[in-house]
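Written out below as structure tokens is the structure these notes cover.
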Amino acid sequence: MNRLAFWDPLTDLPNREQFQQALARRMADSDVRFSLLMLNLDRFKHVNDVLGRPFGDRLLRAVADRLQHLLKDEVSLIARVGGDEFLLLIEGAGATRAEAICKRIQRDFERALSIDDQTVDLSAGMGVALYPQHGRDPMLLLARAELAMHAAKRGQSGCEVYAPSMDAASQESLSLLSELRHAIDAGELRLFLQPKVDLHGQKISGAEALVRWQHPTRGLVPPMEFIPFAEQTGFIRQITAWVLHASAQAWMALQRDGLALPISVNLSTRDLMDQDLPIKVADLVAGVPPPALCLEITESAIMDDPQRALQTLEQLHALGFKLSIDDFGTGYSSLAYLKQLSVDELKIDRSFVMNMERDIDDAKIVRSTIELAHNLGLTVVAEGLETAKQWTLLQTLGCDQGQGYYLSRPMPAEKFADWLRGWQPPDLGDARANTILAGL
């Protein structure tokens, strides 16, 4: 019974209860000083989802063994306190020594772990809290080590030592999440549309749906200030659901005016990992023909779990939705995998398009991407279209569509119909790109 109460049965390490009691005993000695290190593995849920829980359990045991072997002379206590989280007690250590131990763990984790025929790359977020500087209560010290660990994960720094500013950031995050939940219920989100143009036919061929937050006191909040946070917390799924429904309503309004065009909606990594996504999407856009919507998935999101992504995309494609790979060129997808995907469109990332007038290498990447996509039967959209010269160059290279500030900035969805009625193709004049083309 004592074993069950104080030891983790999976790794044979002390559990949270035993660790907290050890902390309390250390704190009873007024002269003691130590560091508390909290370690949380990266991508462990992904390992469980893809390779199964039995494999995940073996991975945790292997990590426990490696930590014990690596730190047997430096750490007085190592505990597994739940899931993929470990706590380490470093006697007599200040910030410098604790950070040095973090670096040792990072270096050790650079050596991939092999189990059966699978190789797993290890990495972790680590947070450090110091006793007595950061708290004289066990629960407070644990909470502050956890805050530091989450800060390390957010910043992808590997290790962070607790700082008082983290408390404020944590409170702000909780407040932001609460405000985001309220934003949907209170109707504070706004749908914006950015047009896409047929570069050869010089006509508007579609639009991308974007979300903005009309905050009652902060004003119009740009997406970069809340979308990454929504991704981290998982709240992005509720935002995606809102955008899908709002886009369906916008399409129906355009159809009533005789102006209906396909609308593209972004899906996040979290959306793509939702096994019920195809059913949810179909329900949210009921009444709109599926080809009227194009679902955009970033290349990195697809490669996070290729097999699950492939299955989800096939189901969405079977329902009739158009599919697009967004930000192509910034991820690490293999061409062999790309040809298996049930997608209709490929979007070239703006970083290549915006520099291709001056950078021959970027121009070559754009040209090669267009040729690759066309060989796979895909339509190509170039993001970051900002000049007449870029339009001419993309047109010459055979790109199908463009999207960017040269055409229009994103606008409120309710203004899109009027903009569409008044739009005229630009006079490209002598916007030639012969200099860069000569190098291709």
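The values are calculated or read from the model by the stated rules, or taken from the named source; none is laboratory data. What you see is a predicted model, and the numbers here were worked out from it, not measured in a lab. Surface areas here come from the heavy atoms of the whole protein model, side chains and all, with no ligands, DNA or RNA. Shrake-Rupley method; radii C 1.70, N 1.55, O 1.52, S 1.80 Å.
Structure above, values below:
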| read-out | value |
| --- | --- |
| Protein-only accessible surface order, largest first, of C399, C159 at 1.4 Å | C159, C399 |
| Mean accessible surface per residue for segment 217-327, computed with a 1.4 Å probe while every protein chain stays in place, in Å² | 43 Å² |
| Over 25 Å between alpha carbons, listed pairs K153/K196; K45/K280; K364/K389; K196/K389; K153/K347 | K153/K196; K153/K347 |
| Expected 222 nm ellipticity per residue - DSSP helices of 4 or more, -39500 (n - 2.57), all of the chain, to 500 | -14000 deg cm²/dmol |
| Accessible surface, per residue, of segment 18-99 when the full set of protein chains is kept, probe 1.4 Å, Å² | 45 Å² |
| Vicinal HN-Hα couplings computed from phi for segment 284-296 (Karplus, 6.51 cos²θ - 1.76 cosθ + 1.60; Hz; Gly/Pro x) | 5, 10, 3, x, 10, x, x, x, 6, 10, 10, 9, 9 |
| Relative compactness, the chain, computed as alpha-carbon Rg over 2.2 N^0.38 Å | 1.18 |
| Computed P(r) (all Cα pairs; segment 10-55; 5 Å bins; percent) | 5, 15, 16, 18, 15, 11, 9, 7, 4, 1 |
| Whole-number Å³ per residue for the convex hull built on Cα positions in segment 187-240 | 105 Å³ |
| With all protein chains modelled, accessible area of K203 [1.4 Å, Å²] | 120 Å² |
| Mean Cα-pair separation over length for the chain, i.e. relative contact order, pairs under 8 Å, 6 or more apart, % | 11 percent |
| HN-Hα J in Hz across segment 207-218 - Karplus 6.51, -1.76, 1.60, θ = phi - 60°, x for Gly and Pro | 8, 9, 7, 10, 10, 10, 10, 8, 6, x, 10, 8 |
| Sulfur and carbon atoms: percent of accessible area, the chain [1.4 Å] | 49 percent |
| Long-range tail of P(r) for segment 37-170 (Cα pairs > 25 Å, %) | 24 percent |
| Accessible surface ranking that places the most exposed of D274, D117 first, with a 1.4 angstrom probe | D117, D274 |
| Length gained when the stretch K103-Q275 is fully extended (0.36 nm per residue, less Cα-Cα span) | 58.2 nm |
